[in-house]
Amino acid sequence: MVADNKPPLAYFLDELPAGFDPSQVTNGAKEVAIARVRALDIPVWLGRRDKSGVVPIQRSRDKSFVRLRVLEVRSGSAAVGKTYDVYLGQWDREMIYPLTPDQLAHDYVVVMYSDPNDGKYRLVGFPISSAQHKDWMAKRSEYWRSGYRK
């Protein structure tokens, strides 16, 4: 379930992990911000259609894209009320994200930054336990089975 035994990542958190140091965000990151946000829709997958095990020739750097609104800035440079288009996800890692209507109605804490290489905003992912990932997968499956998908 998790590639290369790397733990899954969460990009939308209830609170930041204890001891998180914003200066440890990727080298050269600009406009690092810790903010309380709401996802405006589920993340959009940026991968191409599966071609039965054929390795894609080219794929985007990020797995997903999401639009979010900043509700509160805890530190850094972001504008309250502004909508940001952000990218997230690593191809070699599983991840969790807001999906169900209840999850989308929830506020989350994120760490976002402007990537100096392409100017895109990205979210920082935080490792989670396999139990947290399994819980999210169960909620996702229940939601899909319920027939209430958008």
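Every read-out reported here was derived from the displayed coordinates using simple, explicitly stated rules and does not represent laboratory data. The structure presented is a predicted model; accordingly, all values stated were derived computationally and were not measured. Heads up, the Cβs are rebuilt from the backbone with ideal geometry, glycines too, and the neighbour counts pull from every protein chain shown.
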(request) For region 78-122, state which chymotrypsin sites (Phe, Trp or Tyr not before Pro) are in a DSSP loop and have at most 14 other beta carbons lying within 10 Å of their beta carbon. (result) Trp91
(request) May I ask for the net charge around Gln132, where only other residues with Cβ less than 15 Å from the Cβ of Gln132 are counted and Lys, Arg are +1 while Asp, Glu are -1? (result) +1
(request) For every other residue with a beta carbon closer than 14 angstrom to the beta carbon of Tyr97, add +1 if it is Lys or Arg and -1 if Asp or Glu, then tell me the sum. (result) +1
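According to the square roots a ≥ b ≥ c of the eigenvalues of the Cα gyration tensor, what is the shape class of region 79-127, taking rounded for a/c under 1.5, prolate for a/b larger than b/c otherwise, and oblate for the remainder?
It is oblate, given that a/c is not under 1.5 and a/b is not larger than b/c.
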(request) Take the Cα coordinates of the chain, assign each an equal point scatterer, and use the Debye formula without solvent to give log10 I(q)/I(0) at q = 0.15, 0.16 Å⁻¹. (result) -0.83, -0.95
(request) Would you mind classifying region 101-150 by shape? Square roots of the alpha carbon gyration tensor eigenvalues, ordered a ≥ b ≥ c; an a/c under 1.5 is rounded, otherwise it is prolate if a/b is larger than b/c and oblate if not. (result) prolate
(message) Using helices alone, I'd like the mean residue ellipticity at 222 nm for the chain: each DSSP H run of four-plus residues gives -39500 (n - 2.57), total over residue count, nearest 500.
(response) -4000 deg cm²/dmol
(request) Between Ser114, Ser23, Ser129, find the one with the highest GNM mean-square fluctuation for the chain; connect C-alpha pairs within less than 10 Å. (result) Ser23
(request) Taking a cut-off of 20 Å between Cα atoms, list the aspartates and glutamates near Lys30, but don't count ones fewer than 8 places away on the same chain. (result) Asp21, Asp62, Glu72, Asp85, Asp115, Asp118
(request) Apply 1/(1 + (r/R0)^6) to the Cβ-Cβ distance of Asn27 and Arg140, taking R0 = 35 Å, and write down the FRET efficiency to the nearest 0.05. (result) 0.55
